[in-house]
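Step one of this worksheet: look at the structure below.
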Amino acid sequence: MSDAPASAADRVRDLLERVNDALALEAEVEIEQDEEGVIRATLHAEDLGLFIGRHGTTIDAVQHLAYRAAAAADDGPQRVIVDAAGYRERRATALHRQADDAADDALRTGRPVALDAMSATERKVVHEHLKDREDVETYSEGTEPDRHLVVAPLG
């Protein structure tokens, strides 16, 4: 890839446009980079189910590739977030609801509650959501692809 774009944001745009073309999505690719260097790449189109993939596996894989492509640039970012028409926010909202329900169940029963298997990205969302609570703790168990998060009461 000797003719690859030099900036991290351009590398991410190039990758997403290639994926967009390969999947025949006809999506618009939007790239934003904040003052901290975080690149947010969003695809906009009517149906992005193929891009998101089952349980978000495809979008997570593309995000990993986008990070790797960006990291090779001189101005490599700290983070790359790839989204598809608000999928990340919708999924985070659902995960927060699941986490809150699991925390309530753990406190009510006094026993740990295991959530369904999820990706490392999704486990991080749940850990971050519950980290400030002083009545529960979270930890991961199992091995990929069946690694899951457990919410347990403290004390």
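Each value in this text was obtained by applying a stated rule to the coordinates, not by laboratory testing. Bear in mind the structure is a predicted one, so any value in this text is a computation, not a measurement.
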Using alpha-carbon pairs under 8 Å, 6+ residues apart, how would you state the relative contact order of the chain in percent? 19 percent
With -39,500 (n - 2.57) per DSSP H segment of 4 or more residues and division by the full residue count of the chain, the 222 nm estimate, nearest 500 deg cm²/dmol, is -14000 deg cm²/dmol
Full-extension gain in nm, Arg108 to Glu17, via 0.36 nm per residue minus C-alpha separation: 27.9 nm
Spelling out what I want: for every residue of the stretch 107-116, take phi, set θ = phi - 60°, compute 6.51 cos²θ - 1.76 cosθ + 1.60 (Karplus), and round to whole Hz; glycine and proline get x. 5, 5, 8, x, 10, x, 10, 8, 8, 4
Computed over the chain: longest principal axis from alpha-carbon atoms vs helix 8-22 long axis, angle to nearest 10 degrees, is 90 degrees
Interchain or sequence-distant (5+) residues whose placed amide H lies within less than 5 Å of the amide H of Val82 are Ala41
So if I take the centroid of the Cα atoms in the stretch 36-69 and the same for the stretch 108-146, what is the distance between those two points in Å? 23 Å
Any idea what angle helix 120-130 forms with the longest principal axis of the chain, computed on alpha-carbon atoms, 0 to 90 degrees, nearest 10? 50 degrees
Under the Karplus curve 6.51 cos²θ - 1.76 cosθ + 1.60, θ = phi - 60°, whole-Hz ³J(HN,Hα) for the stretch 141-148, x wherever Gly or Pro sits: 9, x, 10, 4, x, 9, 5, 9
